[in-house]
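Remarks on the structure that follows.
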Amino acid sequence: MLCDPSHPLVLELVRRAPGTFNHSILVGTLAGKAARRIGADPLLAQAAAFYHDLGKVEDPVFFIENQFSITNPHDQLDPVDSCNIIRGHVADGLKLARQDRLPPEISAGIRCHHGTGLMRYFYHQAMEADPDVDPQLFRHQGEKPKTKEQAILMICDAVEGAARAHAQQQEPTQDSIAKVVDSVVGEKLADGQLDEADLTFGDLTSVKAAVVDALVGYYHTRVP
């Protein structure tokens, strides 16, 4: 039922934040494949992915995947204000999940998909004006993933956006996609976001391989 695209909350994403909906569907595909590869619960990983960005329906235009043919409103905002808006989609998503009585495992995916990660774009933007700016102002205020499925969701969410950006800049290849995945996972590890997750390094290797395989299939070469 939760993976049904006709679920009312999924339809709300389609209506109000179509870019986020498409992102969530692809993240779900990646997460399901990665979970299956390491013996985690693929349906839970996929369902959590479908709803992880639910809160973006409240202010969809502030998220890049919904900014089709419009000016980015963050261009007119202070980086700290931008971070507060971006950070808010987690709280908004949890509120909607409570209202619709989504299972706690799905709410956990909403809470954990960014962990306490740094919003690097806005942090570096702020550093241009003040090199000593406090990085804590630019961190998400969620919780770090604890289960395999939560960790997979965090990885797949970040990888999908990075792979999409990469594909817009150059023709993706298996090697280039693998480098994007390695970079994203390495960043999460270095920032301590996976420290509490029930994942071994062997699991991480398998997850990365599964995600690369799925992305290669998605970004396959097309006839011009």
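Brief remarks follow.
- Against the numbered list (1) modelled with pLDDT under 95; (2) within 15 Å of the chain's Cα centre (by Cα), GLU12 comes up short only at (2).
- With respect to the conditions (1) assigned to a loop (DSSP other than H, G, I, E, B); (2) loosely packed, with under 12 Cβ neighbours inside 10 Å; (3) under 15 Å from the mean Cα position of the chain (by Cα), PRO131 falls short on a single one, namely (3).
Results for (1) outside any helix (DSSP H, G or I); (2) touching a Phe, Trp or Tyr at 6+ places or on another chain (Cβ under 9 Å); (3) surrounded by 11 or more Cβ atoms within 10 Å (Cβ to Cβ), shown as yes or no for each residue.
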residue	(1), (2), (3)
GLU160	no, no, yes
SER183	no, no, yes
ALA197	yes, no, yes
GLY202	no, no, no
ALA214	no, no, yes
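- Among the residues listed as GLU196, GLU171, the single one being modelled with pLDDT under 95 and not β-branched (Val, Ile, Thr): GLU171
- Residue check: LEU11 meets all listed conditions (1) touching a helix residue (DSSP H, G or I) at 6+ places or on another chain (Cβ under 8 Å); (2) without any contact (Cβ under 8 Å) to a residue 12 or more places away in the chain; (3) surrounded by fewer than 22 Cβ atoms within 10 Å (Cβ to Cβ) but one, namely (1).
- Single residue of the stretch 165-175 satisfying the filter (assigned to a helix (DSSP H, G or I) and in contact (Cβ under 8 Å) with a residue 12 or more places away in the chain) that is nearest to VAL212 (Cα to Cα): GLN174
- Residue within the stretch 85-106 that is within 17 Å of the chain's Cα centre (by Cα) and within 18 Å of THR147 (Cα to Cα) present: yes
- The stretch 48-74, subset within 20 Å of PRO8 (Cα to Cα) and charged (D, E, K, R), residue nearest to the chain's Cα centre (by Cα): ASP53
- Scope the stretch 100-128; condition open to solvent by 50 Å² or more (accessible area, probe 1.4 Å) and farther than 17 Å from HIS74 by Cα; matching residues: ASP100, ARG101, PRO104, GLU105, ARG111
- One residue from ALA129, ALA178, ALA209 being out of contact with any helix residue (DSSP H, G or I) (no Cβ under 6 Å at 6 or more places or on another chain), in contact (Cβ under 8 Å) with a residue 24 or more places away in the chain and of a type in the set (A, V, I, L, M, F, W, C): ALA209
- So SER82, is it in a helix (DSSP H, G or I), among the polar types (S, T, N, Q) and under 15 Å from the mean Cα position of the chain (by Cα): no
The values are calculated or read from the model by the stated rules, or taken from the named source; none is laboratory data. Owing to the predicted nature of the structure, the values given are computational and were not obtained by experimental measurement. Positions of Cβ are generated from backbone atoms using ideal geometry, with glycine treated the same way; all protein chains shown enter the neighbour counts. Ligands, DNA and RNA are stripped out before the accessible areas are found, and what is left, the full protein with its side chains, is counted by its heavy atoms. Shrake-Rupley method; radii C 1.70, N 1.55, O 1.52, S 1.80 Å.
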